[in-house]
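> First, the structure itself, so that you have it in front of you.
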C-alpha cells in the first residue's frame, strides 16, 4: 500500500472520528440544556447508560442509538430535517409548478419536410 493511500485512510478516519465527537457533544449539550440526567435519557431510549455515554463521547455508536437518544430527548426535528432533505421535490418539478406547467413534458411534433 502506498504512503498516499495510508495517509488518505488516516485522514478520512480522523475526520469521521471528529464528526462523531461533534455529534456526541451536540447531543450531550441538548441533554444538559434540558436538565436530564444521562440515566433518565438512557431509560427513555431503552438503552444502557454506557451506550448513551459512548454516543456522547463519539465512541463508535450506531445510527440506531443516536435516533433513540434524539427521540428520548424529544429532538425529532433533527430527524425530520435530515429525512426531509431526501424527500424534497425535484428542482425540475418545482420549476414546472412555479410556472404553472403540467408535471409531465409534452411531446413536440415535427413538421414533415413535404409540407414546406
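The values are calculated or read from the model by the stated rules, or taken from the named source; none is laboratory data. All of these numbers come straight from a predicted model, not from anything done at the bench. Every residue, glycine among them, receives a Cβ derived from its backbone with ideal geometry; neighbour counts consider all protein chains shown.
> Of all residues in the stretch 49-82, which are assigned to a loop (DSSP other than H, G, I, E, B) and either closer than 19 Å to residue 22 by Cβ or modelled with pLDDT of 95 or more (or both)?
58, 59, 60, 61, 62, 73, 75
> Which residue pairs have Cβ atoms under 8 Å apart, sit 6 or more places apart or on different chains, and have a first residue in the stretch 43-65 that is in contact (Cβ under 8 Å) with a residue 40 or more places away in the chain and on the phi < 0 side of the Ramachandran plot and a second that is surrounded by 14 or more Cβ atoms within 10 Å (Cβ to Cβ) and assigned to a helix (DSSP H, G or I)?
61/20; 61/24; 61/51; 61/54; 61/55
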